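Read-outs: derived from the displayed coordinates by stated rules, not from any lab. Because the structure is predicted, anything quoted here is derived from the model rather than measured. As a convention, Cβ positions derive from the backbone with ideal geometry for all residues, glycine included, and neighbour counts pool all protein chains shown.
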Amino acid sequence: MKDDKLLKYGIIGTVVAALCCFTPVLVVLVGVVGLSAVVGYLDYVLFPALGIFILITVYALMRRKRTSPEET
């Protein structure tokens, strides 16, 4: 996978997971659908997903820095 694609997926995933973690967007959407009993378990999924996407973003940035030509 190319570094730019990996970085793009990492940033998009981080933004979406952060948006769902720190705002009531996902809670409202789940409530509208009728699955409000699942709201209590969202943290068990969203926080690890946020951590994984942050790690993907950091990894892609490190790979990009390593492969870019050094300026003198």
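Taking R0 as 22 Å, what FRET efficiency do you get between Val28 and Lys5 from their Cβ-Cβ distance, rounded to the nearest 0.05?
Efficiency at R0 = 22 Å is approximately 0.10.
For the chain, list the DSSP H helices whose alpha carbon atoms reach 15 Å or more along the long axis and whose average Kyte-Doolittle value is -1.0 or above?
Once both thresholds are applied, what remains is 3-22, 42-67.
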- Note the direction-averaged projected area, equal to a quarter of the hull surface, for the Cα convex hull of the stretch 1-69, in nm². 5.1 nm²
